[in-house]
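Notes follow once the structure below has been shown.
Rule-based calculations on the coordinates, nothing more; no lab input. Just so you know, these numbers come straight off a predicted model, no measurement behind them. Reconstructed Cβ throughout: ideal geometry from the backbone, glycine too, with neighbour counts over all protein chains shown.
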Amino acid sequence: MHFADVLPLQSGASIRAYDLSYETYGTLNADRSNAVLICHALNASHHVAGVYLDAQGAVVPKSEGWWDTMIGPGKPVDTNVFFVIGVNNLGSCFGSTGPMQRNPDSGEIYGADFPVVTVQDWVQAQARLLDALGIATLAAVMGGSLGGMQALSWTLQYPDRVRHAVVVASAPNLTAENIAFNEVARRAIVTDPDFHGGHYGRHGVLPQRGLRIARMIGHITYLSDDVMNEKFGRQLREVAIGHASGYKFSTQDVEFQIESYLRYQGDKFSEYFDANTYLLITRALDYFDPAAEHGGKLTPALARARAKFLLVSFKTDWRFSPARSREIVKALLDNQRDVSYAEIDAPHGHDAFLLDDPRYMGVVRSYFESKVTPC
Amino acid sequence: MLKTAPRLSADQRVIARLVPPGARVLDLGCGDGALLDHLIRERGCTGYGVEIDDANIQACVARGVNVIQLNLDEGLAMFGDASFDVVLQIDTLQHLRNAEVMLRETARVGRIGIVAFPNFGHWPNRLAVLRGRMPVTKVLPYQWYDTPNIRVGTLRDFAALALKNRLHILDAFGLQDGREVRLWPNARASRAVFKFQHG
């Protein structure tokens, strides 16, 4: 959808005109009270559920939406009941206006000139999309990780437009360690010789090496030590003949399965994701901190929220640990807001929020059935 | 939301009547949320349950009752001083490693605390011990080697613990099959109930 109005950004900059890619699932009811907005995290898109069909009507392989376990007909967020909206954020690289597109003022590809956008900017842009769709109030806003930050920000920026917020595996801000991981990823990209200060598009190249490494470090932080050990352990990709250890005694070959897996993930990611988008989105993560304007205190920061909340965290998630979700729960309790909190003992680390754990799915399903369902 | 009123045990109904109408309630170890649901619907209360068990969390959410998944042995740091009118600990204390700390925490967080637990002083229990065996009863249904009840005490034991922690006991009685027992409750009731506040 095209938006012709200027979008003022938190930084003071603005975007003159922009497009937002979105998908919807289910049907908006007559009184427009069953809309659920899904906010995506770092590398996801507006394609949250369902599959794509090719021209012959056959299912495109691996085209499932990124939260297809959660959202769809009969699923925890049931699209037979709810009208679900997925939107690609500004600055991302799946169709919405971002660094890969041309700046209408200069006619050049934005590249590094794309303005820095924040969680609040995204929420503002999402609100304009809802305006355009004729939706005054959301039955629920929902997201995991960075998407959870957007859901939380919705309840603060537009408290009267959100009945429920479902915040999964998220945090009220990033810790220093978390920002540090983002910085390693950014440095990998920025120091790639093909980066060209972010204007690689003008040079007809892509900083794929940097992106691969960024993805590898990110991926490590999304898993738990246990899961990695269970999945890969110390397994070798192939046992070299000639030495009892099976090692090749190389320093640059892929020897361990985990190396092979990370390289595969990095390669795959660098084929489809834009480097400038990676920089922008990690920066948006770093900046999010609703407590900052309240002296670092989250309780007064969340006093504006009117929504009812469901928070979910995962015990083995060390990137967005349960302790961070509990901070949000505590601030909501201090404000006497309706809140439920589930801490799921899943082994998969941060990735658990995208996986199909019956306890996790069950609590989200129960929440939508008992509380969010329009009367 | 479940449209039918929750079914409460006779003991739970007695405990529900101890909670003032309209109170802000924290129910520690709230189980499937039936009592809290009842207090919200029938007595106009608001509040939250606290549970550790996944199935109970889902049961509470399915009822539309606010519930926080926490291990009570980690304390109540999430809850502010006197932030609730009533804090309930119904059949919870006997499972806690830090039962005394939690008792103090209950008094800190709530203006009133209400605690109910199996009374080991009930005469069939005494009789069993007199015969040289640990009791197995309706209220204490486990064998000694697999019981989740790691704290077994009597009504008088609790009164002593409350005194030690300078809690002011507002009411104390026994519960037997849904009836209040006020005469010799330590011997005549399978469950002990205390209502107390900060001294």
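Dipole of the protein assembly as shown computed with +1 at Lys/Arg Cβ and -1 at Asp/Glu Cβ about the Cα centre; of A:Val254, A:Ala244, A:Gly233, farthest Cα towards the positive end is A:Gly233. The simple Förster model, with R0 at 60 Å and r as the Cβ-Cβ distance, assigns B:Ala55 and A:Ser106 a FRET efficiency of 0.55. Placing +1 on the Cβ of every Lys and Arg and -1 on the Cβ of every Asp and Glu, with nothing else charged, gives region A:229-351 a dipole about its Cα centre of roughly 440 debye.
Between B:Arg43 and B:His198, what's the calculated FRET efficiency when r is the beta-carbon distance and R0 is 22 Å? Round to 0.05. Don't skip to the end; give the middle numbers.
Numbers: r = 23 Å, r/R0 = 1.06.
My answer for the efficiency is 0.40.
Distant-in-sequence amide contacts of A:Ile15, defined by a placed amide H-H separation under 5 Å and a gap of 5 or more residues or a different chain, comprise A:Leu7, A:Leu9.
Residue by residue through B:65-74, how many Cβ atoms from other chains fall within 10 Å of the Cβ on average?
Numbers: counts 3, 11, 5, 11, 13, 5, 1, 0, 0, 0.
Partner-chain Cβ atoms within 10 Å, mean over residues of B:65-74: 5.
Relative to its Kirkwood radius, the Cα radius of gyration of region B:43-197 gives an Rg/Rh of 0.97. Under 5 Å between amide hydrogens, built in the peptide plane, is the criterion, and for A:Val339 it picks out A:Phe309 among residues at least 5 positions away or on other chains. For each pair in A:Lys75/A:Lys330; A:Lys231/A:Lys315; A:Lys308/A:Lys330; A:Lys297/A:Lys330, compute the distance between the two Cα atoms and list the pairs where it is over 22 Å. Over 22 Å apart, Cα to Cα: A:Lys75/A:Lys330. Using a Gaussian network model of chain B in which every pair of alpha carbons under 10 angstrom is joined by a spring, one finds that among B:Val50, B:Val101, B:Val115 the greatest mean-square fluctuation is at B:Val101. The coefficient of translational diffusion for region A:1-130, derived via Stokes-Einstein from the alpha carbon Kirkwood radius under 10 °C and 1.306 mPa s, stands at 100 µm²/s. Counting every other Cβ atom within 10 Å of each residue's Cβ, A:Phe94, A:Phe249, A:Phe256 order from fewest to most as A:Phe249, A:Phe256, A:Phe94.
Across region A:286-292, rounded Karplus estimates of 3J(HN,Hα) from the backbone phi angles (6.51 cos²θ - 1.76 cosθ + 1.60, θ = phi - 60°) give 4, 6, 4, 5, x, 6, 4 Hz, Gly and Pro being marked x. Note on chain B: GNM, Cα springs under 10 Å; of B:Thr154, B:Thr106, B:Thr137, the largest mean-square fluctuation is that of B:Thr137.
Considering only B:Pro124, B:Pro141, B:Pro21, the mean-square fluctuation computed in a Gaussian network model of chain B, springs between alpha carbons under 10 angstrom, is largest for B:Pro141.
Note on A:Lys62 and A:His243: the model spin-label points, each 7 Å out from Cα along the C-beta direction, lie 3.3 nm apart.
Using only alpha carbons, the protein assembly as shown has a radius of gyration to Kirkwood radius ratio (Rg to Rh) of 1.05.
Available extension along the chain between B:Lys164 and B:Asp177 is 1.7 nm, counting 0.36 nm per residue and deducting the alpha carbon span.
What does the average come to when, for each residue of peptide B:154-167, you count the partner chain Cβ atoms lying within 10 Å of its Cβ? Write out the running numbers ahead of the final one.
On the way: counts 0, 0, 0, 0, 0, 0, 0, 0, 0, 0, 0, 0, 0, 0.
For this peptide, the per-residue mean of nearby foreign Cβ atoms is 0.
Going by average Cβ neighbours within 10 Å, how do the peptides B:182-192, A:190-200 rank, with the highest at the top?
On the way: B:182-192: 19.3, A:190-200: 16.5.
The most tightly packed comes first, giving B:182-192, A:190-200.
Remark: region A:361-366, residue by residue, has Karplus-estimated 3J(HN,Hα) of 4, x, 6, 5, 4, 4 Hz, where x stands for each Gly or Pro and the curve is 6.51 cos²θ - 1.76 cosθ + 1.60 at θ = phi - 60°. For chain B, leaving out every one of the chymotrypsin sites (Phe, Trp or Tyr not before Pro) that falls in a DSSP loop and has at most 14 other Cβ atoms within 10 Å, the longest unbroken run is B:1-141. With 0.36 nm allotted per residue and the present C-alpha distance subtracted, the A:Asp226-A:Ala180 stretch has 14.3 nm of extension available.
Set the Förster distance to 45 Å, then compute FRET efficiency between A:Thr373 and B:Ile150 from the Cβ-Cβ distance, nearest 0.05.
Values: r = 41 Å, r/R0 = 0.90.
Calculated value: 0.65.
Where both partners of a DSSP beta bridge lie in the protein assembly as shown, what percent of those bridges are antiparallel, to the nearest 5? Each step should come with its number before you reach the end.
Working: 28 of 74 bridges.
Roughly 40 percent of the beta bridges in the protein assembly as shown run antiparallel, per DSSP.
By DSSP, the beta bridges lying fully in region A:31-189 are antiparallel in about 10 percent of cases.
The ranking of A:Glu255, A:Glu177 by Cβ neighbour count inside 10 Å, starting from the fewest, reads A:Glu177, A:Glu255. Looking at chain B alone, DSSP beta bridges between its own residues are antiparallel in about 45 percent of cases. As a rough footprinting exposure proxy, the listed residues A:Glu230, A:Glu23 were ranked by other beta carbons within 10 Å of their own, and the order from fewest upward is A:Glu230, A:Glu23.
Counting Cβ atoms of other protein chains within 10 Å of each Cβ in A:331-339 and taking the mean gives 3.
Calculate the dipole size of the protein assembly as shown relative to its Cα centre from +1 charges on Lys and Arg beta carbons and -1 charges on Asp and Glu beta carbons; express the result in debye to the nearest 20.
On the way: 59 positive and 61 negative charges, 485 e Å.
The dipole magnitude comes to about 2340 debye.
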